[in-house]
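> First the structure, then my questions, so here it is.
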Ligand SMILES: [Zn+2]
């Protein structure tokens with residue numbers, strides 16, 4: 001019997017994961033068009049990050065936009081990542097970086113949450129196993145943006161192998177990481193061509209209502225929109241200052 005298709009998308013609410021959702025949604029639409037049964041499932045984790053509420057509201061808005069029904073939305077609390085700490089995203093005593101130094105010098109930035117992606121993929125695998133999903137999608141980016149060791153292609157490949165080793169025969173899952181070798185501006189460009197609603201996304205590490213415009217994540221994001229000759233549709237504390245900050249000490 002032909003296996004039903006189901007796609008689990010890790011959706012943080014940031015620009016990268018929203019772009020991946022756009023890609024996965026297009027795939028689901030094409031599969032349905034071809035007469036297959038195909039489900040789109042969205043997966044989100046709260047882990048005590050500073051911008052948790054904002055990211056959750058972006059997750060919900062993106063689910064609405066892509067018409068993902070409630071029973072296919074998973075919001076999981078993994079507060080133990082905050083309990084463990086060791087990251088500027090979860091621990092107020094660790095400074096949020098805004099000088100681009102980690103990016104320029106290819107060093108692991110303070111925003112790295114220890115083994116976050118390993119945890120996220122494992123829990124997504126549980127959701128995928130429940131739905132007998134064929135695919136997991138994640139927006140990890142290795143080359144340009146993060147400097148996170150758990151965004152390396154080899155890690156994703158080994159996780160896929162480990163997950164499949166733990167599933168019943170015939171239930172294999174593919175982990176898709178379509179942005180892994182992309183640069184941030186290529187991601188935004190691809191997303192714009194697919195009408196990804198970036199106004200419903202959030203990338204700032206520290207602002208909750210207005211993006212700070214100076215953290216490394218804001219700067220990369222603003223720089224990408226600038227490079228494409230576009231304005232970022234989300235609200236910044238001071239967008240003009242953010243545009244100036246985005247041009248300093250960023251990789252070309
Ligand atoms: Zn910011």
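> Checking residue 244 against (1) farther than 22 Å from residue 50 by Cβ; (2) within 16 Å of the ligand (Cβ to nearest atom); (3) surrounded by 14 or more Cβ atoms within 10 Å (Cβ to Cβ), which single condition isn't satisfied?
That leaves (3) as the condition not met.
> Further question on the same structure: Just the residues that are surrounded by fewer than 14 Cβ atoms within 10 Å (Cβ to Cβ) and more than 18 Å from the chain's Cα centre (by Cα), please, taken from segment 127-153.
130
Let's see how each residue does on (1) farther than 30 Å from residue 227 by Cα; (2) at pLDDT below 90:
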residue: 85; (1), (2): yes, yes
residue: 95; (1), (2): no, yes
residue: 128; (1), (2): yes, no
residue: 135; (1), (2): yes, no
residue: 159; (1), (2): yes, no
residue: 166; (1), (2): yes, no
residue: 173; (1), (2): yes, no
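> While we're here: For segment 217-228, give me each residue that is more than 12 Å from residue 243 (Cβ to Cβ) and either within 8 Å of the ligand (Cβ to nearest atom) or in a loop (DSSP other than H, G, I, E, B) (or both).
217, 228
> Still on this model: Count, please, the residues in segment 23-66 that happen to be over 18 Å from residue 124 (Cα atoms), touching a strand residue (DSSP E or B) at 6+ places or on another chain (Cβ under 8 Å) and at pLDDT below 95.
Adding up the residues that qualify gives 1.
> I'm trying to understand the selection: among the residues of segment 1-28, which are surrounded by fewer than 17 Cβ atoms within 10 Å (Cβ to Cβ) and either more than 20 Å from residue 59 (Cα to Cα) or in contact with a helix residue (DSSP H, G or I) (Cβ under 6 Å, 6 or more places away or on another chain) (or both)?
1, 2, 3, 4
> Hey, another quick one. Could you give every pair whose Cβ atoms fall below 6 Å, whose first residue belongs to segment 204-229 and is under 22 Å from residue 189 (Cβ atoms), and whose second residue is near the ligand (Cβ under 8 Å from one of its atoms) and assigned to a helix (DSSP H, G or I), counting only separations of at least 6 or pairs across chains?
Close Cβ pairs (under 6 Å, with a partner that is near the ligand (Cβ under 8 Å from one of its atoms) and assigned to a helix (DSSP H, G or I)) amount to 204/218; 211/218.
> So, one more: Could you tell me how many of the residues in segment 189-207 are within 10 Å of the ligand (Cβ to nearest atom) and either under 17 Å from the mean Cα position of the chain (by Cα) or over 19 Å from residue 57 (Cα atoms) (or both)?
Looking only at that region, the number is 5.
> Go through segment 229-241 and give me each residue that's closer than 28 Å to residue 24 by Cα and more than 13 Å from the ligand (Cβ to nearest atom).
229, 230, 231, 233, listed by residue number.
The values are calculated or read from the model by the stated rules, or taken from the named source; none is laboratory data. Computed from a prediction, not measured in an experiment: that's the story for all the values here. Cβ atoms come from the backbone with ideal geometry, glycine included; neighbour counts cover every protein chain shown.
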